[in-house]
Amino acid sequence: MSQRQRALALGTALREAREKTGLSQEEIAARVELHPMTYGGIERGRLLPSVSTLTRLCVLLKIDPDDLPDLQDLQD
């Protein structure tokens with residue numbers, strides 16, 4: 001799987017989890033201390049989050065990191 005495909009798969013998983021919470025992209029971004037455009041880029045698969053950002057997102061969205069796509073290219 002290419003980095004772009006991994007980013008898209010991650011973004012889809014995060015969007016689906018966010019939608020289940022009923023929170024907006026702006027609310028998620030504020031809670032994990034990201035600019036809303038940055039979080040939007042992650043959901044659209046244009047950006048890959050750092051490991052620390054992904055960890056904060058998983059905690060907030062109650063996602064088990066093991067359930068996410070393979071993200072071997074993430075950097076902290």
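The values are calculated or read from the model by the stated rules, or taken from the named source; none is laboratory data. As the structure is a prediction and not an experimental result, all values here were calculated from the model. Here the Cβ positions follow ideal geometry from the backbone for every residue, glycine too, while neighbour counts run over all protein chains shown.
For the subset of the range 61-70 comprising residues that are surrounded by 17 or more Cβ atoms within 10 Å (Cβ to Cβ) and not β-branched (Val, Ile, Thr), which member is nearest to Gln3 (Cα to Cα)? Out of the qualifying residues, it is Leu68.
Taking the range 1-45 as the region of interest, the helices (runs of 4 or more DSSP H) fully inside it that hold 2 or more residues being surrounded by fewer than 18 Cβ atoms within 10 Å (Cβ to Cβ) and among the hydroxyl-bearing types (Ser, Thr, Tyr) are 3-21. Contact map, the range 24-45: first residue of a type in the set (A, V, I, L, M), second residue loosely packed, with under 14 Cβ neighbours inside 10 Å and in a loop (DSSP other than H, G, I, E, B), Cβ cut-off under 8 Å, separation 6 or more or different chains; pairs are Ala29/His35. In the range 15-31, the count of residues that are in contact with an Asp or Glu (Cβ under 6 Å, 6 or more places away or on another chain) and on the phi < 0 side of the Ramachandran plot is one or more. If you scan the range 46-55, which residues turn out to be surrounded by fewer than 20 Cβ atoms within 10 Å (Cβ to Cβ) and in a helix (DSSP H, G or I)? Correct list: Val51, Ser52, Thr53, Thr55. Pairing each residue of the range 53-72 that is under 13 Å from Ile28 (Cβ atoms) and hydrophobic (A, V, I, L, M, F, W, C) with any residue that is modelled with pLDDT under 95 and loosely packed, with under 12 Cβ neighbours inside 10 Å, provided the two are 6+ apart or on different chains, yields C-beta distances under 8 Å for Cys58/Asp64.
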